[in-house]
Amino acid sequence: MCKNKMLLITVFCVFMGAIAIMSRMSMLTYYVIYVVGSFTMIAPIFTSVTVGQLIGSLLLPVGTRIFGKRNLLLLMNVVMVICFVIMFVIPANNSAFLIIISLIIGVTGASANVCTGMLSDCIEYGDWKYGIREEGLTYSYMSFGVKLATAVGGSVTVLLLAASGYVPNAEQTEAVKSGINAVVNLAPAVCIVISAIPLFWYKLDKKMMDQIRKELDERNAAKAK
């Protein structure tokens, strides 16, 4: 695995992206209750995110065909970061705005499925370049990365929430509300930016993958003779 740089890039992207999304979703209820100030908005916001993820997943085949996997992932990450920053900056007192931007964030959250497709390309790349095909091991790395990200993200966000001065079952100060807003929106935005940086060195585009598959078919055909 350490030789396959494309796989390392993809797994790192999955890891940091999972930290961002998992930690944000675990803290989103606090944002709605204390920053938005409305228990009744919990269900609409979470529903909007879920519906957005469904829409985003349905649009992925079209998106990958137009932009390619890496470029689509970068585009979705950029839009997601912009939405997080907007939610941090703009006062959370407009229900329609919150639902619409949560829907957009949900659409961009479907980018996790792009990484799954990129892993398939990394398997082909590893077979082509190093003669080693590791389907099971590759997806186990992804699974481990997501589980580790869930543990790390959950722990870090709880620590950040405590550091903000949060007191359970009490009226929160403006400073605490700002801290919760930062944990829910700015911290995930930073993680997404970090996850996207190595993608500029990811080179498995459609042209290269077509060439790799062609050469692999020729190699396998020669072995079969």
Which of the residues belonging to the range 195-214 are assigned to a helix (DSSP H, G or I) and among the basic types (Lys, Arg)? Lys206, Lys207, Arg213, Lys214
Taking the stated definitions as given, is Val156 part of a helix (DSSP H, G or I), among the aliphatic types (A, V, I, L, M) and under 22 Å from Val35 (Cβ atoms)? yes
Taking the range 190-216 as the region of interest, how many residues are touching a residue at least 24 places away in the same chain (Cβ under 8 Å) and charged (D, E, K, R)? 5
What about Asn220, is it assigned to a helix (DSSP H, G or I), of a type in the set (S, T, N, Q) and without any contact (Cβ under 8 Å) to a residue 24 or more places away in the chain? yes
Of the residues in the range 137-168, how many are in contact with a helix residue (DSSP H, G or I) (Cβ under 8 Å, 6 or more places away or on another chain), exposed (fewer than 15 other Cβ atoms within 10 Å of the Cβ) and under 27 Å from Lys3 (Cβ atoms)? 2
In the range 5-60, what count of residues is obtained for those that are touching a Gly at 6+ places or on another chain (Cβ under 7 Å), loosely packed, with under 15 Cβ neighbours inside 10 Å and farther than 28 Å from Asp121 by Cα? 0
Kindly provide the set of residues from the range 61-87 that are under 16 Å from Leu103 (Cα atoms) and either buried (at least 18 other Cβ atoms within 10 Å of the Cβ) or in contact with a Cys (Cβ under 6 Å, 6 or more places away or on another chain) (or both), ordered by number. Met76, Asn77, Met80, Val81, Cys83, Phe84, Met87
Is it the case that Ala196 is over 30 Å from Leu74 (Cβ atoms) and not aromatic (Phe, Trp, Tyr)? no
For the subset of the range 169-189 comprising residues that are β-branched (Val, Ile, Thr) and touching a residue at least 40 places away in the same chain (Cβ under 8 Å), which member is surrounded by the fewest Cβ atoms within 10 Å (Cβ to Cβ)? Val176
Identity of the residue in the range 51-97, without any contact (Cβ under 8 Å) to a residue 60 or more places away in the chain and not in a helix (DSSP H, G or I), that ends up nearest to the chain's Cα centre (by Cα): Ile90
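Only the coordinates and a few stated rules stand behind these numbers; no lab work does. Note that this is a predicted model, so its numbers are computed, not measured. Here Cβ is always computed from backbone atoms with ideal geometry, including for glycine, and neighbour counts include all displayed protein chains.
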